[in-house]
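One structure below.
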Amino acid sequence: MRISTSTSFLNPISSIFLKQWFSTNPNLTTLFNKYVDKTDVSSWNSIIAELARSGDSIEALRAFSSLRKLSLRPDRSTFPCTIKSCSSLFDLTSGKQAHQQAIVFGFEPDLFVSSALIDMYSKCGELGNARKLFNELPQRNVVSWTSMITGYIQNGDAHEALSLFKEFLMEESDGGRETKVFIDSIAMVSVLSACSHISENRITKVVHGFLIKRGFEGDLCVANTLLDAYAKCGDLTIASKIFDEMPERDIVSCNSMIAIYAQNGLSTEALNVFYGMLKDGDYNYDAVTLSAILLACAHSGALQLGKCIHDQVIKMRLEDNVFVGTSIIDMYCKCGRVGMARRAFDRMKEKNVKSWTAMVAGYGMHGRAKESLEVFYEMQKAGVKPNYITFVSVLAACSHAGFVEEGWHWFKTMNQEFNIEPGIEHYGCMVDLLGRAGYLDEAYELIEGMKVKPDCVVWGALLGACRIHKNVKLGEISSRKLFELDPNNCGYYVLLSNLYADAGRWEDVERMRIFMKNHRLIKPPGFSLVEAKGRVHVFLVGDKEHPQYEAIDEYLDRLYVKMKEVGYVPDTTSVLHDVDQEEKQTVLRVHSEKLAVAFGIMNTIHGTTVQVIKNLRVCSDCHAAIALISKIVNREIVVRDSYRFHHFKDGLCSCGDYW
DNA sequence: TTAGGGTTAG
């Protein structure tokens, strides 16, 4: 059989034929020798289009090059797919060559060609060239407008994208023109994407009103982007309302909602949407779903579920997806299994800056600064440029382990060698590092020299360090700043009060107590999570709601007897000083992490690691108690608090009591 | 020819 006529490629049969050909034998020479008339431009166009469609942009460009070598004259259909292939590869050189050819053959003004060129220049970061082309267009259609609007979003200027949209609306309402241009749902999606980037509720609301007026409300893609825009503005209530009320949903709607919940720490809600997807069975989950679910697992410390998702990733052959791979590393690190994270990391074929940073941060949060820095060196050797967050992770790792010299080195080097100006987060890490290592004056000096206004994290780090090193003077300075910045945060008053108590300044302690009482400042309730038999159990401080409460209480009693035998003395310094000693001990005894640890030991197989996650910092009494418990019951206990990981084994903690 | 969802810190 010989397919020789130019029209044959335009009918569905030959399109199927081409797809089959490329899936089994992507050899253009054989294809032409056997089936196709090499001198027919339409045949070449079909081949370029099919290659571009199937994602083989390199071959598509080779086909275009072959066509030119044969001195064939490309027509207007040749260019859009050729230019699109350049965009997909971010290949500006080939893109410019294709542009040149389009000019030579007189197709630059063609709307299909010019829109593809605007898109290509935008994707390759040459926004100026894109805008020049757009400005010079004799006429514009909705595609050229949308391409230009999207170009601004892709290049980080969502505000300009919105301005252009306003211009578009003016042209749309200009009745004097012969050819009217109407906004369509694709343009609407682009505009909403700009709203997501701007993250201003007011703007999203205006665009929402506009799209209702223009009848785009029922469009699935528009609704998906709208819920994302509201979520990015921080309005999760409206986002979930839109999701709940959607007459139809697709995988993108569900993935968006899962990701929104997961990114905002609402792991249970994220999992509920996922389970809903599984139950309905209308569409299969994909790499995006699993990546978002892994984030939910990371937040809630759901290791068992995380492992199941990892198995699923392997089954679906998604291991080489860099998003999924990075999420797996992050999940294992945040679920306490940094070794498993490392194994997954080493298996990754493609690693980007986020994958490397996840591993650097992962080691850091487990107090393993040496390994963290080693990964950071490897990253540089591999030619991956660290970013702002990488340096936060490096400095945080140094801070967790007390690596003062290394921290200073990278803090100075990040600007000098990597051209990244230290931001407020880097200062926060440095103040923490210096302060906890005892260099309080240096930490204060660093704050005084900051170009940006120090925030709660920075002053909070200094106050925390003052508590450890009992420095009342600097503690008062930092608390004054903190009371101004965040007057309703109870934690700072408690810290200062404890600092006074350590110094024996009981009048000041009393003054703080009265102040907190008068201002009705209540410490946020501590809670701990523990996973057992595939379920995550939540314990609040003094929680009597759990069905096994009595058994837990009895078990804790027995543990206390044994702990006291090996020298445990309750450390009541972190309890507010408005209760008597006995009551303080009772308060400590029902701290959520102790309840969760006891429950974990009772409900997991002996020999396995008990893992607890706490929303606040673990208190010093619990830290000492859990260390002893690990020895008494001969179990490894891992506690993730709001700051870092503690691995307790044989009566000792991996943090070396430096936390 | 144009559009929507995912990964790293504190």
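Numbers for the structure displayed
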{"item": "Restricting the range A:262-276 to residues that are closer than 30 Å to A:Ile605 by Cα and not hydroxyl-bearing (Ser, Thr, Tyr), the residue that is nearest to DNA strand B (Cβ to nearest atom)", "result": "A:Ala262"}
{"item": "Some residue of the range A:414-427 being part of a helix (DSSP H, G or I), within 8 Å of DNA strand B (Cβ to nearest atom) and either under 17 Å from A:Gly449 (Cα atoms) or in contact with a strand residue (DSSP E or B) (Cβ under 6 Å, 6 or more places away or on another chain) (or both)", "result": "yes"}
{"item": "Those residues of the range A:126-163 which are part of a helix (DSSP H, G or I) and more than 21 Å from A:Cys86 (Cα to Cα), in sequence order", "result": "A:Asn135, A:Glu136, A:Val142, A:Ala158, A:His159, A:Glu160, A:Ala161, A:Leu162, A:Ser163"}
{"item": "Close pairs from the range A:182-193: first at negative phi and modelled with pLDDT under 95, partner more than 7 Å from DNA strand B (Cβ to nearest atom) and of a type in the set (D, E, K, R), Cβ under 9 Å, at least 6 apart", "result": "A:Phe182/A:Glu172; A:Ile183/A:Glu172; A:Ile183/A:Arg214"}
{"item": "Residue within the range A:364-384 that is near DNA strand B (Cβ under 7 Å from one of its atoms), in a helix (DSSP H, G or I) and touching a Phe, Trp or Tyr at 6+ places or on another chain (Cβ under 9 Å) present", "result": "yes"}
{"item": "Per-region count, the range A:628-659, residues aliphatic (A, V, I, L, M) and assigned to a loop (DSSP other than H, G, I, E, B)", "result": "1"}
{"item": "Filter pass, A:His299 being within 24 Å of A:Arg644 (Cα to Cα), of a type outside the set (Lys, Arg) and more than 13 Å from DNA strand B (Cβ to nearest atom)", "result": "no"}
{"item": "A:Val322 being of a type in the set (A, V, I, L, M) and either out of contact with any Cys (no Cβ under 9 Å at 6 or more places or on another chain) or surrounded by fewer than 24 Cβ atoms within 10 Å (Cβ to Cβ) (or both)", "result": "yes"}
{"item": "Matching residues in the range A:235-276 - criterion: being under 15 Å from the mean Cα position of the chain (by Cα) and polar (S, T, N, Q)", "result": "A:Asn255, A:Ser256, A:Gln263, A:Asn264, A:Ser267"}
{"item": "Unique match (being crowded, with 19+ Cβ neighbours inside 10 Å and touching a residue at least 12 places away in the same chain (Cβ under 8 Å)) among A:Gly534, A:Gly542, A:Gly526, A:Gly491", "result": "A:Gly526"}
{"item": "Counted residues, the range A:272-321 - those being assigned to a helix (DSSP H, G or I), in contact (Cβ under 8 Å) with a residue 24 or more places away in the chain and of a type in the set (Ser, Thr, Tyr)", "result": "3"}
{"item": "Where A:Ala625 falls short, out of the listed (1) closer than 30 Å to A:Leu462 by Cα; (2) modelled with pLDDT of 90 or more; (3) not in a helix (DSSP H, G or I)", "result": "(3)"}
{"item": "Extreme residue, farthest from A:Asp157 (Cα to Cα), among residues of the range A:101-140 that are away from DNA strand B (no atom under 12 Å from the Cβ) and acidic (Asp, Glu)", "result": "A:Glu108"}
{"item": "Positions within the range A:531-570 being more than 18 Å from A:Val633 (Cα to Cα), of a type in the set (Val, Ile, Thr) and within 41 Å of the chain's Cα centre (by Cα), in sequence order", "result": "A:Val536, A:Val538, A:Val541"}
{"item": "Subset of the range A:454-485 that is surrounded by fewer than 20 Cβ atoms within 10 Å (Cβ to Cβ) and not in a helix (DSSP H, G or I) - its residue that is modelled with the highest pLDDT", "result": "A:Asp455"}
{"item": "All positions within the range A:385-404 that are under 18 Å from A:Asn419 (Cα atoms), in contact with a helix residue (DSSP H, G or I) (Cβ under 6 Å, 6 or more places away or on another chain) and part of a loop (DSSP other than H, G, I, E, B)", "result": "A:Asn387"}
{"item": "Any hit, the range A:397-405, residues being under 20 Å from A:Lys451 (Cα atoms), out of contact with any Ser or Thr (no Cβ under 7 Å at 6 or more places or on another chain) and free of Cβ contacts under 8 Å to residues at least 12 places away in the same chain", "result": "no"}
{"item": "Only one of A:Lys307, A:Lys279, A:Lys334 that is among the basic types (Lys, Arg), more than 6 Å from DNA strand B (Cβ to nearest atom) and exposed (fewer than 15 other Cβ atoms within 10 Å of the Cβ)", "result": "A:Lys279"}
{"item": "Sole residue being of a type outside the set (Gly, Ala, Ser), more than 22 Å from A:Ala262 (Cβ to Cβ) and within 12 Å of DNA strand B (Cβ to nearest atom), chosen from A:Phe323, A:Phe411, A:Phe391", "result": "A:Phe391"}
{"item": "Single condition A:Met340 does not satisfy, out of (1) within 13 Å of DNA strand B (Cβ to nearest atom); (2) modelled with pLDDT of 95 or more", "result": "(1)"}
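Table: residues versus (1) within 17 Å of A:Tyr332 (Cβ to Cβ); (2) surrounded by fewer than 21 Cβ atoms within 10 Å (Cβ to Cβ); (3) away from DNA strand B (no atom under 16 Å from the Cβ).
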| site | (1), (2), (3) |
| --- | --- |
| A:Thr608 | yes, yes, yes |
| A:Ser620 | no, yes, yes |
| A:Ala624 | no, yes, yes |
| A:Ser630 | no, no, yes |
| A:Val639 | yes, no, no |
| A:Asp650 | no, yes, yes |
| A:Ser654 | yes, yes, no |
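The values are calculated or read from the model by the stated rules, or taken from the named source; none is laboratory data. On a predicted model such as this, the values are computed, not experimentally measured, just so you know. Don't worry about glycine lacking a Cβ; one is built from the backbone with ideal geometry, like all the others, and counts go over all protein chains shown.
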